[in-house]
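The values are calculated or read from the model by the stated rules, or taken from the named source; none is laboratory data. Predicted model, so just to flag it, every value in this text is computed and none were measured. Heads up, the Cβs are rebuilt from the backbone with ideal geometry, glycines too, and the neighbour counts pull from every protein chain shown. Protein only, heavy atoms only, side chains kept; ligands, DNA and RNA dropped before computing areas. Shrake-Rupley method; radii C 1.70, N 1.55, O 1.52, S 1.80 Å.
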Amino acid sequence: MTAMRLISWLLLLVFMQSGVFAARRFRGGRNPQPRRTPPSPTYRDRGDTTESFPLDFTAVEENMDNFMTQVKNLAQSLYPCSAQKLDYDMKLHFLENTSVTCNDGTPAGYYMKESRGSRRWLIFLEGGWYCFNKENCDSRYDTMRRLMSSSKWPQTKTGTGILSPLPEENPHWWNANMVFIPYCSSDVWSGASAKTDHSGYAFMGSLIIQEVVKDLLNKGLDNAKVLLLAGSSAGGTGVLLNVDPVAELLEGLGHPGIQVRGLADSGWFLDNKQYRSTDCHDTISCAPTEAIKRGIKYWGSVVPERCRQVHLGEEWNCFFGYRVFPSIKSPVFVVQWLFDEAQLTVDNIHLTGQPVQEGQWRYIQNLGIELRNTLKDVPALLWLVCYSYWIDVQVKGTSLPRALHCWDRSLQDNSRNNKAPPKGCPVHLIDSCPWPHCNPTCPTIRDQFTGQEMNVIQFLMHMGFDVQKMAQQQGMDPSKLLGMLSSGS
């Protein structure tokens, strides 16, 4: 009996015994029982390398995470035939088409961890700003060469967050085929131009994505049911620019049945007026619209055809979420931080511990209102005040992994012509508290210099906020506000 067949029989037995619990868990019911520590693997004598992993079926009735840990341990002991451990690292592959390169002409590529038997694929686009002329690209190459060259890429990478292979960290995507594409094109994943004497660099971000997809078709993607194109920051904007072209590419190559979806994390930028206008010298000082206008010419960018038709002659509009989103056909889930550091930076608001002036605070508040207004028509959304997030942060009792799972279910139901969203499974979530990191489920922040943990009040002061002035603007007594922040209200 193969390892997979044995696991299947075990799963069937367990779920027959605990169907009531499974149904409650699927509906989002909480488990009132305390967690049990997963049973440790037991080993036979040193002469026998076979490992025994007893499964405690009663644990399933109290904690699904415990059960998944046990199944994972069992799978590791059996696959393949107890000859080796499961390998959780993603391995480096360079593109078969060697003409598609990083900025400096070194080969572009991707990291991949295969999950045999899974028909779900996740491709993640790395972020990391951009450069838009020879001078600031030269500076970027001197200081951030990893984002322009593959010459020192490691042979393996370990996934975290949505790329994690651990079910306790990534409960709904841990067993997908994982692909991570390093960002080495400096063009917000939009370029399609080879290296020239004028530019000094190649800008092939959009071509890199297309070539990765083509290569993956020979590695099992041709049998996929779902492909999630995800990315963060510049990679999040890259998702908005490339999710439809990827779907069109697969359809053109004879794979129309693959459901292509997008997950844009912190890539929803505004083309708003800066708090303080400065000359356009680099990505930090330059206004967002001006930087992109210069960039798309330098990069030889391509944008989605439907968005291009709407903004003929002004294709730079397609780099801003609220302008490109109405033209996107593929389902997209948007995750955005209210106080996005990159947005504040290009708007010349630098939260570095210096006191935030009243005008800056008003600007930040108005920016939040403006951002919120642009997101109101996005059906699948998680809008957060936390500085960092993944599994622990909750908005109205729902974490990001849970929200993505609900979104996945809603898309499955829609494909069956059931338009009603799953009960108790929200996909449009907006944090209601008005200050950075004020959600009590936000993870602990540490001072980057001292390593000490900071509470909400210390974090706000670290960012330069005057808590007393904040209280006055909210019409509250400062001591009451301090009490609320201290208690996590």
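For the stretch 102-143, build the charge dipole from Cβ charges (+1 Lys, Arg; -1 Asp, Glu) around the Cα centre, then report which of W121, T143, C131 sits farthest towards its positive end.
Looking along the dipole axis, the top candidate is W121.
For L249, what is the net charge nearby, where nearby means another residue's Cβ is under 11 Å from its Cβ and Lys, Arg count +1, Asp, Glu -1?
So the surrounding residues net to -3.
Under a 1.4 Å probe, what is the accessible area of the stretch 173-270 per residue, stated in Å²?
28
When the Cα centres of the stretch 274-322 and the stretch 144-205 are compared, how far apart do they sit, in Å?
So the separation of the two Cα centres works out to 22 Å.
Which order do the peptides 247-260, 178-191 take when ranked by the mean count of other beta-carbon atoms within 10 Å per residue, highest first?
The densest-packed peptide leads the list: 178-191, 247-260.
Express the accessible area of the stretch 106-153 per residue in Å², computed with a 1.4 Å probe while the remaining protein chains stay in the model.
47
Whenever you get a sec, line up H405, H281, H93 from highest to lowest accessible area (probe 1.4 Å, protein heavy atoms).
H281, H93, H405
Once fully extended, how much extra length lies between N223 and R276, figured as 0.36 nm per residue of separation less the alpha-carbon to alpha-carbon distance?
Stretched out fully, the N223 to R276 stretch lengthens by 13.9 nm.
Assign one of three labels to the stretch 193-271, namely rounded, prolate or oblate, based on the Cα gyration tensor with a ≥ b ≥ c the square roots of its eigenvalues; rounded applies when a/c is under 1.5, prolate when it is not and a/b is larger than b/c, and oblate otherwise.
oblate
Check L381: other-chain or 5+ apart residues with amide H under 5 Å from its amide H, H built from backbone geometry?
Those qualifying (amide H under 5 Å, at least 5 residues apart or on another chain) are V334, H428, L429.
Which net charge results when you count Lys and Arg as +1 and Asp and Glu as -1 among the other residues whose beta-carbon is under 11 Å from that of D222?
Its environment carries a net charge of +3.
What does the charge count near Q274 come to, summing +1 for each Lys or Arg and -1 for each Asp or Glu among other residues with Cβ under 11 Å from its Cβ?
The answer is -1.
Using the beta-carbon distance between K376 and V310 and R0 = 22 Å, what value does 1/(1 + (r/R0)^6) give for FRET efficiency, to the nearest 0.05?
E between K376 and V310, to the nearest 0.05, is 0.65.
If I stretch the segment between S432 and S99 completely, what's the gain in nm (0.36 nm per residue apart, minus their alpha carbon distance), one decimal?
Answer, rounded to one decimal: 115.0 nm.
Give, in nm to one decimal, the length gained when the segment between Q357 and R409 is fully stretched (0.36 nm per residue of separation minus the Cα-Cα distance).
Answer, rounded to one decimal: 14.2 nm.
Using the crude model of +1 on Lys and Arg Cβ and -1 on Asp and Glu Cβ, and no other charge, please compute the dipole size for the stretch 144-290 relative to its Cα centre, in debye to 20.
Approximately 360 debye in magnitude.
Using modelled amide H (1.01 Å from N, peptide plane; none on Pro or chain starts), what sits under 5 Å from the amide H of S115, excluding residues fewer than 5 places away?
Those lying under 5 Å, H to H, from S115 are N177, M178.
In terms of the Cα gyration tensor, with a ≥ b ≥ c the square roots of its eigenvalues, is the stretch 272-346 rounded because a/c is under 1.5, prolate because a/b exceeds b/c, or oblate?
Since a/c reaches 1.5 but b/c is at least a/b, the shape of the stretch 272-346 is classed as oblate.
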